[in-house]
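Working notes for the structure below.
The values are calculated or read from the model by the stated rules, or taken from the named source; none is laboratory data. None of these values were measured; they are calculated from a predicted model. Cβ sites come from the backbone with ideal geometry, for glycine too, and all protein chains shown count toward neighbours. When the accessible area is computed, the model is the full protein with side chains, heavy atoms only, and any ligands, DNA or RNA have been set aside. Shrake-Rupley method; radii C 1.70, N 1.55, O 1.52, S 1.80 Å.
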Amino acid sequence: MTTKKWLQMGQYAAILLTTMLLGGCARHSPWWIFDPKGVGARASYDYMMIDIAVMLSIVGLTAIMIVWFMIRYRKGGGGGKYDGKWSHSMTIEFFTWGIPIAAVAFLSWAVAINGSFALNPYNPTVITHTMKPKGDPVDVDVIATDWQWLFIYPQFHHIAVANELVVPAHTPVFFKLTSTAVTTDFFVPQLVGMIDVMPGMRTKDALEVDHRGSYQGIAADYCGAGTSWMLFKTKVVSMRDFHRWVKTAEAQPETMNYHQFNEFARPYINVHYKTPIYGHVEPGLFNHVILEVMNGKKWPLPMFMTENMYAYLQKQAKEHRA
Amino acid sequence: MLVHVPGPWSPLLGRLALSEIPYKNLILAPLFVLIVLVGLALVGWITKRGLWGYLWREWFTTVDHKKLGIMYIFLGLVMLFRGFIDGLMIRTQQMLAVGPGDNGIKAMGAIHGYLTPFHFGQIYSAHGLIMILLAATPLLVGLMNIIVPLQIGARDMAFPYLNALGFWITAAGAALIMISLFVGDFSHNGWFGYAPIFEMSYSPGVGVDYWIWTLELIALGTTLGSINFLATVVKMRAPGMTWGRLPVFTWSAVSANIIALTSFPCLQVALALVGADRYLGTHFFTAGFGGNLMLYTNLFWLWGHPEVYFVILPAFGMLGEIIPTFSEKPLFGYVAMVLATFAIAGVSWIVWLHHFFTMGMGPYVSTEFSVATMLVGIPTGVKVFNWAFTMYRGRISYTAAMHWALGALFLLLIGGLTGMMLSIPAINYMVHNSVFVVAHFHMMLLCIVYAVFGAVIYWWPKVFGFRLNEAWGKIMFWLFSAGTALVFIPMFMLGFMGETRRLDWPFDPHWAGLFDVQEFGIAIYVLSVVSFVVLLFVSIRDRAKERVGADAWGTSRSLEWLTDSPVPFYNFAMVPEINARDEVAWRREHGFLDIRPDHYKAIHMPNNTPVALYIGATLFLLGFALTWRIWWLSGIALLATVALMIWRSAKGDPGYVISAEEIARLDREARQKMPVDGGDTVPVGGFAGGQIMAYSREVSDQDRSHRGPKSW
Ligand code: HEM
Ligand SMILES: [Cu+2]
Ligand SMILES: [Cu+2]
């Protein structure tokens, strides 16, 4: 009775697992982690598959062994020989230690060590060593505020765009990241893993995409009431389209100096998906922000955005519906 | 004041004002009314039955480790329920809110779902903190409290008063987080808090202050408890209970409490520094003025990772007791098991960085912590294999307790597999802060919950003298397991779909179907909660039928099964002499199980005291007053606490002595009450040519209490 139920459970698990893995192969699948479109994300995926294969072969076999013991040595029926004294065996002990040690040794070398260098956010060798880029790398300075993203392109007339990232395909993109108020994570599931963005500090990450398209970017770490809305689309376009986009961006009349940035960085929930483009921002804005924050600059949260957000959110919702 | 506090403040009430009580909230106000009504009904019932005196004498002022253990478990179950309701609310919000458009319930001021983001944040923060520190921890501490002294043949914990103090301080922490529901609000920054969002500028309310003082109280209570456990096991073992004979559960309690004793101070320091930032205006963890916010993350996880092993190790110990009993075999590879336990405890100190690989610390540091983390997998694997080989060549009976233990084993396999994925930076970058992590640690924490339910069913007859209903125990197991599968398999899948954690508005409509499945799973969980209540009701109703003797399961192995069920308040009428690793199994095999002592000695016992309860109350007041910045009240509460401590220390407790005749009488009565016949009276140490001793001969009880720590 009970064993049958266990077997049934196993069956369901197997079915679910296969659907899960098949789901990973479908086109435009919602399984972002199984459907990597960036070099880094793909490497992560490969390492994940190695790890799952090794671990699943051990854990799976162990589970089967346990179920087998459970059936064979059940009281009154199983047919296994009872030996109430037996509690030790050097041979078994050798394997119980040996198998985990071997697995950990292999995984340490094959995935932990190699993977840490291959995907080191500051210098991912999968991008910097192995790829043959088709164009010059593009730099993007990322500033996260409460709760918006600002992407600045210092090589291109210091244009900037908020809440939307545009990058060329087949080209390495190098990010420098910081934040104004609190910590969060920069994350585009199909393209690049998470990296912390922290106020008063600079982190780095890199990206190279080989499929054009639009990919969801997320603020992955909780950073206050607006976290869920702190989204950005990552548009990956051809080099030609990218340059065309740069031209139109440069033509935008809006500009941003530190003073205007100060306004921009005030707590704001982007429920309307606004993606303003700035034709020119103050050169060095990124470092300026870091320095200001290090010297104690803050963008405090007003009380009405904490305990009682009712009024604020209702106002926002009304605007949203209008 | 040293820091600018937004909003009004008055010397008399601090930041407290009527507007802080959310009487307009459509969830909290009715809940408050309900709780008040239930509370009044309870108080009325107790008064009518005239139970206050009984409660005061037997429970509130007790220093008996068994009663304190029961109270710990009761607290843990209540908080488990509260945490479960939080979980239900989180799941419901995500199910309602998912997808584009504004689908919020306007009456509640929500754009998406039925909760505002800030309220949602408070719920998951409270959920996490409660489940780890106020459900899992008290459940485990409670079981250790009851079982460890019994397993080593001690009369009580080394410091019974300290034990009561630990409990009441923990209860004060629980009370503080519960009151945050109705007065002000709780932190919204997750159970571990983020720097610098918990600074005054970004969390101007009182939520973070509640969070600080709740954690500080629990940390204090747990640290005191861990000192007590270690002293007990080191100093209070019965004669013959050598380290090599210590039951595995006690071993795991030792390792867990070493972890607790060494790691909880880290948390206390980290939180004290957060408190300094918020109350004194220092800059430990601020972004500017030389503060270092990454330091907080390090300090927190320097405690946080050992903490997760502090909770899993006792659960491992429970599996190590339940599985051999119902396989009718000794544990496979005892020495390896103990070594593995300490290996896990040791390695748990050098892995904390795996909680924030994404901070960008460079490949060399990442690699070190990645490999160290994977090392934990080795002893964990050994343990799984050893439990499996305990069943091998066994005679397994599938009791309810065994169901839960085996369920825990399978959850551990999944948790270990996913843990080994997370410990690799290259993989971690993709799933860190996603619900995949959430699913990982729920597998592990549910492994603990399964082990605890197994252990409660397993040890229940020892504490109460009758067995729980087997059928309902199994029904609950299957319902609970169905709920687990339906909630957490979708959660793993959602992790692979890229859903990050803590979203009050899950924006991608693709996730909707799986949220519905999860909500269905929650409904099944609700059924399992109901079946738990039925289980208790049916078992208590039929208790006369299920009465058991000392050896409740007939196949039990360790020392706690030697003394009567329910355990008398002095634990053992005569301190037993230990002859073997599995003492009860050994005595059963040699036919000595039913031997009763032929003479008795006087026993020295500690007196009850209400001081622990008072200190719990003053510390609760201190936490509340500090949260609301009511300085005069904080001062009074602090003074009262210190005064009570000094007064109690100066007074001491001489304890009292139960005479040998009294013990003889009590023992005779207990024997008559038990369904299994007490055996023959055999002179102490008088059989098998004097080589085997059933009860301690060399050391009198009086001697023992003087050898041990002196002050009760
Ligand atoms: C084989 C053993 C284990 C390994 C290799 C492992 C690995 C990990 C890793 C690498 C993380 C960090 C994930 C991230 O945030 O990116 C993590 C998180 C976590 N683990 Fe484990 N783990 C193991 C066992 C356990 C156990 C026994 C528990 C406790 C019951 C546990 C509870 C947790 C919790 C609570 C978190 C997340 C805390 C949070 O972020 O809120 N893990 N684990
Ligand atoms: Cu940093
Ligand atoms: Cu950890």
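Descriptive notes on the structure:
- Partner chain coverage, peptide A:87-100 - average Cβ within 10 angstrom: 6
- The contact residues of the stretch A:64-80, meaning those that lose at least 50 Å² of 1.4 Å-probe accessible area when all protein chains sit together rather than their chain alone, are A:I66, A:F69, A:M70, A:Y73, A:K75.
- Here is the interface size for B with A: some 9900 Å² of accessible area buried, both sides summed, with a 1.4 Å probe.
- The Cα center of the stretch A:56-116 and the Cα center of the stretch B:264-309 differ in position by 41 Å.
- Ordering of A:95-104, B:248-257, B:51-60 by packing [mean C-beta count within 10 Å, highest first]: B:248-257, A:95-104, B:51-60
- Solvent exposure, largest accessible area first (probe 1.4 Å, DNA, RNA and ligands not counted), of B:H4, B:H65: B:H4, B:H65
- Distance from the C-alpha centroid of the stretch B:318-336 to that of the stretch B:580-651: 31 Å, rounded to the whole angstrom.
- For peptide B:281-293, the mean count of partner chain Cβ atoms within 10 Å of a residue's Cβ comes to 4.
- Pairwise Lys count, the stretch A:137-317 - Cα closer than 19 Å, eight or more residues apart or different chains: 7
- About the Cα centre, charge dipole magnitude for the protein assembly as shown (Lys/Arg +1, Asp/Glu -1 at Cβ), debye: 1660
- R0 of 56 Å, Cβ-Cβ distance B:D516-B:F60: FRET efficiency to nearest 0.05: 0.75
- Whole-number percent relative contact order across the stretch B:1-323, with pairs defined as alpha carbons under 8 Å at least 6 apart: 18
- A straight Cα-to-Cα reach below 16 Å connects A:K318 with the aspartates and glutamates B:D102, residues fewer than 8 places away in its own chain not being considered.
- For the stretch A:137-317: relative contact order, % (alpha-carbon pairs under 8 angstrom, 6 or more apart): 26
- Looking at the stretch A:127-207 alone, DSSP beta bridges between its own residues are antiparallel in about 70 percent of cases.
- Rounded to the nearest 20 debye, the dipole size of chain B about its Cα centre is 920 debye, using +1 on the Cβ of Lys and Arg and -1 on the Cβ of Asp and Glu.
- Sorting the segments B:399-412, B:419-432, B:462-475 by their mean number of nearby beta carbons within 10 angstrom, highest to lowest, gives B:419-432, B:399-412, B:462-475.
- Relative contact order (%) - chain B, alpha-carbon pairs under 8 angstrom, separation at least six: 17
- Among beta bridges that DSSP assigns inside the protein assembly as shown, antiparallel share in %, nearest 5: 70
- Reachable lysines, given that their alpha-carbon falls under 29 Å from the alpha-carbon of A:K75 and they are not under 8 places away in the same chain: A:K4, A:K5, A:K85, B:K329, B:K383, B:K462, B:K474, B:K545
- Percent antiparallel among DSSP beta bridges (both partners in chain A, rounded to 5): 65
- Using only side-chain charges placed at the Cβ, +1 for Lys and Arg and -1 for Asp and Glu, the dipole size of the stretch B:1-323 relative to its Cα centre rounds to 780 debye.
- Note, ³J(HN,Hα) from phi for the stretch B:235-251, Karplus 6.51, -1.76, 1.60, rounded to Hz, x at Gly and Pro: 9, 10, 5, 5, x, x, 7, 6, 4, x, 10, 4, x, 4, 5, 5, 4
- Surface per residue (accessible, 1.4 Å probe) for the stretch A:137-317, Å²: 33
- Cα-based reach from B:K66 at 13 Å (exclusive), listing aspartates and glutamates while leaving out same-chain residues under 8 positions away: B:E58, B:D156, B:E560
- Shielding of B:323-330 by partner chains, average beta-carbon count, 10 Å: 3
- Multiplying the residue separation of B:A41 and B:A471 by 0.36 nm and subtracting their alpha-carbon distance yields 151.6 nm.
- Semi-axis lengths, Å, chain B, gyration tensor of Cα atoms, sqrt of 5 times eigenvalues: 43, 30, 25
- Rolling a 1.4 angstrom probe over the protein heavy atoms with all chains in place gives the stretch B:525-608 an accessible area of 38 Å² per residue.
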